[in-house]
Amino acid sequence: MAKRVSESAPGRMDLRTGGLSQAAAGHLSALTAQAAHAPAAMVHLLDGEQLRLVGAYGLPSQWAHAPSVLVTSTLAGLVIAQGTPLVISDVTAETTDPVGVPADGGRAYVGYPIRDVEGAVTGVCAVLDHQPRQWLPEHLTAVDLAAQTCTAFVIEQRSAAHADDARRLLAALLDSLQTGVAACDAHGRLVFSNKANEDLNGRLPGGTDLRTWKRHPAATPPPAVEPLIRALAGERLHDTEIEVERPQQRPSLLLADAQPITNAAGDPLGAVVTLQDVTHRHSAAMLKDCELTIRRQLSGSDTSPADELLLEAIATIGRMLDWAATEFWAIDEVGNVLRRHLHWTDNRHQLPPGLPDHLNHGQGTPGRAWQSSEVTWATDLNTDPDARAQALDWGSLRSAVAVPVPIGSVTRGVLACYSAYTEHPDDVRTAVMTGIAAHIGQFLERRRGWDLTTELGHSRDEYIALVGHEIRTPLTSIESYTALMIDDPGLPADDRAEMLQVVQRNTGRLHIIIDKLLDIAGLQSGHLAMDIHRTDLTTIVQNAAARHTAPGIDFDITLPGETILWGDPHRLTQVIDELFTNATNWADTGSRITATITTDGPIIQLTVANTGQIIPAAERERLFQRFFRTQHAITNAVPGTGLGLSLARTIIEQHGGTIIATTDDNPPGTTITVRIPTDRNTHPHQQVSTATTQPR
């Protein structure tokens, strides 16, 4: 007796995730109908709350147009609900409420359940006859075997679906990793590669033995290939570094782990490799190491020359951070321009020829960093407008970064680094390069403070020596001759006149010392203001040269017709007189003193050179310090107070300029170079007149 479908929930099979294929079910239906001597056969599978007809033979045409029906409206629903076979000889005789009976009068029915791997009913295999009949055992056996065959198909395909789901899940999981993963079989053929691996290697060939790359030395294999080949040979790799070269880009650094895959018996099945891109991590570590190294280098002995330590620092930056060239640009406060002070290049690249050695405010990549006081990147030197203001063709150099070097809150220089790779702004590198520039700025400020402290110490010592000699000696002479004249009123007139001349000469010497000391102190403190006018420096130099002619020494003056600057003509005359006096005192007999005026943009440059004994480097650095006199001057009793060049430096600095001394070996001699800006704004605290004034 057939039973209605109960309210219990039967096992269901979702056709979207696997099941018996329609073609196989159709063939199986035909075989089942033939074996059971039935005119029709069918295979139903559960699809949610519906029964889907997946295979049929001999069914009426209207069934083909209704491939899906409710479970509760079919005889197959009874088989699913009971979980047991359903055998009906005559539907109309066994029930007064037949379900699922075809409209054309199907009468006899046999249905056997189809089960999944867990034993739950997922469908029905059935035969149908249009006439009442008694089903023989062999007929029932045929349907039972067909249902078992369907069960086997369902289990196999469900297992395959589960395996496919697992593979898809694993592939999705591996694709979500940032670590590259690839595997090959025992024949070296790629069987798996996740997205991260393809990003690092490109698409590897799937049907080719990866070991064929070894037979072509000229070909560069992707980074995953070599570790896989080594693992296939039985080797295990852990954190093996691989450097990957990429056109116009910095090399990438990968860490590879690889191992062979074997079965339980130890037979090789293939190999697997994981690749991790540690380029950024390695770069961050190198940046930090470089910053610590620079800090250590610049915090060393203050007795080493500043430029020597600074050059070592920018070379370290280039080597450790793989820059092709590095430069330190110093701000020339006289001309208000950036000047290339130091530079370093590696052995493979060079800065392009003809680069300007100075840049205006905002000009070029370094000038832009100076103007903005911010790190400035030039991703492509050949197209970047700032970089093209320096050079149109940068050769092998691709990118640059310029970093302001601060001293306190003011930019005093720029560190420029050039790369042979295409660089992009990077927050980590920007932060560390800013830190490195800060160390350079601290070094320059510390060195300046040390120089000032040293100069103060020397000034104190020289002042004591001055009081002990330069002041005491004339005072002693004055005191001695004055006492003689007082004690001996009857001195002959000639002797008395000679003594008075000595007193007068020493009194004048004291006046010179005191006047220069007061001038230096007054100018530096601002108590003595300069009277600034439009002044012709050419005229001042010409007049001074005429006053300083000396026997056996020629003056070679190379001057333009007129060189106008804003300055105090009286003070500038003091400077030129001091330079010519110094040159005359130290010039060899029969030699020549040269004076030259040139212009360099907003700067007028005066050089005064003589041939004679070279001033040692250690003494040359102190030449403009107050009270300093060279050992040669002291030994040979050359007249002087050690204040003239110090006063000259003070006056030039009050004009916003600089004064330095250099020496030459061939011919031996000394050159003093004065640089003065022509801009009237250089003297904001001085009285400025619009009249053009000639020297007094």
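The values are calculated or read from the model by the stated rules, or taken from the named source; none is laboratory data. Values in this document were obtained by computation on a predicted structure and should not be read as measured data. For neighbour counting, all protein chains shown are included, and Cβ atoms are generated from backbone atoms with ideal geometry for every residue, glycine included. These accessible areas exclude ligands, DNA and RNA; they are computed on the full protein's heavy atoms, side chains included. Shrake-Rupley method; radii C 1.70, N 1.55, O 1.52, S 1.80 Å.
Side notes on the structure shown:
- Given (1) surrounded by fewer than 16 Cβ atoms within 10 Å (Cβ to Cβ); (2) under 30 Å from Gln22 (Cα atoms), index of the condition Thr151 fails: (1)
- Segment 545-561, residues that are under 18 Å from Ile676 (Cα atoms) and either under 50 Å from the mean Cα position of the chain (by Cα) or open to solvent by less than 60 Å² (accessible area, probe 1.4 Å) (or both): Thr558, Leu559, Pro560
- For segment 419-433, the tally of residues that are assigned to a helix (DSSP H, G or I) and buried (at least 17 other Cβ atoms within 10 Å of the Cβ) stands at 3.
Quick grid of which residues meet (1) at pLDDT below 75; (2) of a type outside the set (D, E, K, R); (3) surrounded by 15 or more Cβ atoms within 10 Å (Cβ to Cβ):
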site	(1), (2), (3)
Thr607	no, yes, yes
Arg620	yes, no, yes
Thr635	yes, yes, no
Thr662	no, yes, no
Asp665	yes, no, no
Arg675	no, no, yes
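- Gln62 being more than 60 Å from the chain's Cα centre (by Cα), surrounded by fewer than 24 Cβ atoms within 10 Å (Cβ to Cβ), of a type in the set (S, T, N, Q) and at pLDDT 85 or above: no
- Across segment 197-211, the qualifying residues are those that are in contact (Cβ under 8 Å) with a residue 24 or more places away in the chain and not polar (S, T, N, Q), and the one among them that is farthest from Leu169 (Cα to Cα) is Leu210.
- Selection within segment 574-601 - surrounded by fewer than 20 Cβ atoms within 10 Å (Cβ to Cβ) and touching a Lys or Arg at 6+ places or on another chain (Cβ under 9 Å): Asp577, Asp600
One line per residue, one yes/no per condition, for (1) within 25 Å of Ala285 (Cβ to Cβ); (2) in contact with a Leu (Cβ under 8 Å, 6 or more places away or on another chain):
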site: Trp323; (1), (2): yes, no
site: Ser373; (1), (2): no, no
site: Trp377; (1), (2): yes, no
site: Ala387; (1), (2): no, yes
site: Gly408; (1), (2): no, no
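- Matching residues in segment 568-625 - criterion: being within 50 Å of the chain's Cα centre (by Cα) and assigned to a loop (DSSP other than H, G, I, E, B): Asp568, Gly601, Pro602, Ile614, Ile615, Pro616, Glu621, Arg622, Leu623, Phe624, Gln625
- Among the residues here, Asp568 does not qualify as among the acidic types (Asp, Glu) and open to solvent by 20 Å² or more (accessible area, probe 1.4 Å).
- Scope segment 388-421; condition under 19 Å from Arg246 (Cα atoms) and small (Gly, Ala, Ser); matching residues: Gly395, Ser396, Ser399, Ala400, Ser419, Ala420
- Flag if Arg250 is at pLDDT 90 or above, among the charged types (D, E, K, R) and open to solvent by 50 Å² or more (accessible area, probe 1.4 Å): no
- Leading residue by the ranking (farthest from the chain's Cα centre (by Cα)) among those in segment 637-660 that are modelled with pLDDT of 80 or more and in a loop (DSSP other than H, G, I, E, B): His655
- Residue match in segment 149-172 (condition: touching a residue at least 24 places away in the same chain (Cβ under 8 Å), in contact with a helix residue (DSSP H, G or I) (Cβ under 8 Å, 6 or more places away or on another chain) and among the β-branched types (Val, Ile, Thr)): yes
- When the criteria are applied in full, Asp451 meets the requirement of being closer than 30 Å to Arg295 by Cα and at pLDDT below 85.
- Where strands (runs of 3 or more DSSP E) sit wholly within segment 302-418, those with at least 1 residues that are open to solvent by 50 Å² or more (accessible area, probe 1.4 Å) occupy 337-345.
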